[in-house]
Amino acid sequence: MLEVENLTKRYRGITALDNASFQIRPGEILGYLGPNGSGKSTTVKIVTGLIEPSDGIVKFHGRPVSEDPVGFKRRMGYVPEEPQLYGHLTGTEYLLFVARLRGIEYAMALRRAENLMRLFQLHDARHSAMVSYSKGMRQRVLLAAAILHDPELLILDEPFSGLDVNAAQLLRGLMQVFAREGKMILFSSHVLEVVEKVCSRVVILYKGKIVLADSIENLRSSMAPDLEKIFAQATHQEDAVPVAESILAAVRR
C-alpha cells in the first residue's frame, strides 16, 4: 500500500501543497484531480522522489520511502507530464538504458524492449533517434519504460498527452489490467471521462488542499450524476457558457 501522510510543500513562503493525505491499496486506480496550480504535480514529484516535502511523509508497504529511495524507485514506474528523453538515443537504446538502471540483465532487457517497441507500435522507428519522434511516440516510449520492470506502483502524470485514439485505448486497457493483477496506480489527469471509467476512487485538490476524497459511486449519489459536475462543484468552477458569452461580448465591443 502507498500511504501519503500530511504532505506539505512550501516555495519561498508560498504553500503549494497543504497537508495532503491519501492511500492507494493494491488493485486500485486512484484518480488525482484538480485545476492547474492546485498541487497535483507537486504531489507527484514528492511521491516519486524528485523533490522533498516541507512536511509529511510517504510510505510504501508501511515503510518510509526515504529509508530506501533507490529500492522504492525500482518498484515504481513513472510517466511524467512532459516527455524528457535523450533524443540522440533510439527508442530501443533508451529502454535498454532504463533496464540497466533497473538492474535487469541484458538478454531479458533486450527481449522486453523489442517486444514493447512492437506492442506500442514503435517497431518501425526502433533504429531511429528519438529526436525524430512525434510527441505521441515519445509518450509511448515513456510508457514502455515505466512498465519495463513490471512495477508494483505506477504513477501517471497526464499520460494521455499527445497520444492518438488507439494508444489512449491501449493505455486505458493497460491500467485496468495492472489493477486487476494487484498493482497500484496513481493517475493524475484532466481527462475526467477516462478517470470516471477506470478509477474507483478520486481525490480532488483545490488551491493546494484536498477538498474531496471518496469513491466515484458515493460522490455520484451525494453530489452529482457525473464526475465533471462533481469536479466543478468541488473546485468552484463557473458555468462555462456564461463565461464564454462574456468573452465574445468583450471582443465585439
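Every number in this text was worked out from the coordinates using simple rules, so none of it is lab data. The shown structure was predicted, so the numbers you read here are calculated from the model rather than taken from an experiment. As a convention, Cβ positions derive from the backbone with ideal geometry for all residues, glycine included, and neighbour counts pool all protein chains shown.
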*Averaging over all projection directions, find the projected area of the Cα convex hull of the chain and quote it in nm² with one decimal place.*
16.3
*With axes computed from alpha carbons, what is the tilt in degrees of helix 91-101 against the longest principal axis of the chain, rounded to the nearest 10 within 0 to 90?*
90
_If you average the C-alpha positions of region 15-85 and of region 160-204 separately, how far apart do those two centres end up, in angstrom?_
17
*Based on the Cβ-Cβ distance from S134 to N6, what FRET efficiency comes out when R0 is 45 Å, to the nearest 0.05?*
0.65
*Want the number for S21 to A107: 0.36 nm per residue separation, take away the alpha-carbon distance, what's left?*
26.8 nm
*Counting Lys +1, Arg +1, Asp -1, Glu -1, what net charge surrounds R10 among other residues with beta carbon under 13 Å of its beta carbon?*
-1
*Would you calculate the volume per residue, in Å³, of the smallest convex hull containing every Cα atom of region 105-205?*
116
*With charges set only on the Cβ (+1 for Lys and Arg, -1 for Asp and Glu), what does the dipole of the chain come to about its Cα centre, in debye to the nearest 20?*
420
_I'd like the antiparallel share, as a percent to the nearest 5, of DSSP beta bridges with both residues in the chain._
55
*Would you mind counting up the charge near V202? Only other residues with Cβ under 10 Å from its Cβ, with Lys and Arg at +1 and Asp and Glu at -1.*
-1
_Checking the table K209/K229; K40/K73; K45/K229; K9/K207; K9/K135; K135/K183 against a 24 Å threshold on Cα-Cα, which pairs fail?_
K45/K229; K9/K135; K135/K183
*If one takes the longest principal axis of the Cα atoms in the chain, at what angle in degrees, from 0 to 90 and to the nearest 10, does the Cα axis of helix 135-147 lie?*
70
*Counting pairs of Cα atoms in region 154-253, how many percent are more than 15 Å apart?*
69
*When only C-alpha pairs under 8 Å and at least 6 residues apart count, what is the relative contact order of the chain, in percent?*
26
*Quick one: which residues, 5+ away or cross-chain, put their amide H under 5 Å from the amide H of L212? H built at 1.01 Å from N.*
I204
*Tell me what the chain gives for mean residue ellipticity at 222 nm when only DSSP H runs of n ≥ 4 count, each as -39,500 (n - 2.57), the sum divided by the residue total, rounded to 500 deg cm²/dmol.*
-12000 deg cm²/dmol
*For region 85-149, radius of gyration divided by Kirkwood radius, i.e. Rg to Rh on alpha-carbons*: 0.92
